[in-house]
Each structure stands twice: as structure tokens, then as C-alpha cells.
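Heads up: the structure comes next, in C-alpha cells.
The values are calculated or read from the model by the stated rules, or taken from the named source; none is laboratory data. Here the structure is a predicted model, which means the values were calculated and not measured. Heads up, the Cβs are rebuilt from the backbone with ideal geometry, glycines too, and the neighbour counts pull from every protein chain shown. Calculation scope for accessible area: heavy atoms of the full protein, side chains included, ligands and nucleic acids excluded. Shrake-Rupley method; radii C 1.70, N 1.55, O 1.52, S 1.80 Å.
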Amino acid sequence: MAATVSVRATYGEDNAIATYLANIFGYGQCSVIWRRARYICRIPRYLTAREIQGLQDAVRGSHYSTD
């Protein structure tokens, strides 16, 4: 069952979101689109509570990345 998740993040964090979701579902299985100050993510299934926490950490962590 496909699901849609709305992620509140700043513009430019799509790479961190897409990478995190690709690690869970595989590359090409998700889409991340910027709409009205949020990222809309279409994913194959709903995220677990642990995966949601990991996604939030990935978005916060991208602010402090030195790459």
C-alpha cells in the first residue's frame, strides 16, 4: 500500500530526505517533491515510529553536515 508523508524542512534538505528513504526502500522507490514549505514524499508503505524518528534526525543532521 502506497503512502504519502509530509516532512517539514527547509528548502535544500531534499537530498537528506531522499537518501534516508532510499536506505529504507531502495533507490527509485520513493519521490520527494517540494510544495508549500514542505516536502511531500510518496513511499511504498507507512513509516514505523523508529523510521520517523530516523527521518527527523536525518533532516536535523543535514544542518550540521560538513560534507
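Points to keep in mind about this one:
- Taking the criterion of being touching a Cys at 6+ places or on another chain (Cβ under 9 Å) and either surrounded by 12 or more Cβ atoms within 10 Å (Cβ to Cβ) or at pLDDT 95 or above (or both), the residues of the stretch 5-24 that qualify are V5, V7, I17, A18, L21, A22, I24.
- Residue list for the stretch 45-67, filter: within 12 Å of F25 (Cβ to Cβ), surrounded by 14 or more Cβ atoms within 10 Å (Cβ to Cβ) and either among the charged types (D, E, K, R) or at pLDDT below 65 (or both): E51
- Neighbours by Cβ (under 6 Å, 6+ apart or cross-chain): first from the stretch 38-52, within 10 Å of V5 (Cβ to Cβ) and in contact (Cβ under 8 Å) with a residue 40 or more places away in the chain; second acidic (D, E) and part of a loop (DSSP other than H, G, I, E, B): none
- Y27 vs. criteria in a loop (DSSP other than H, G, I, E, B), free of Cβ contacts under 8 Å to residues at least 12 places away in the same chain and open to solvent by 40 Å² or more (accessible area, probe 1.4 Å): yes
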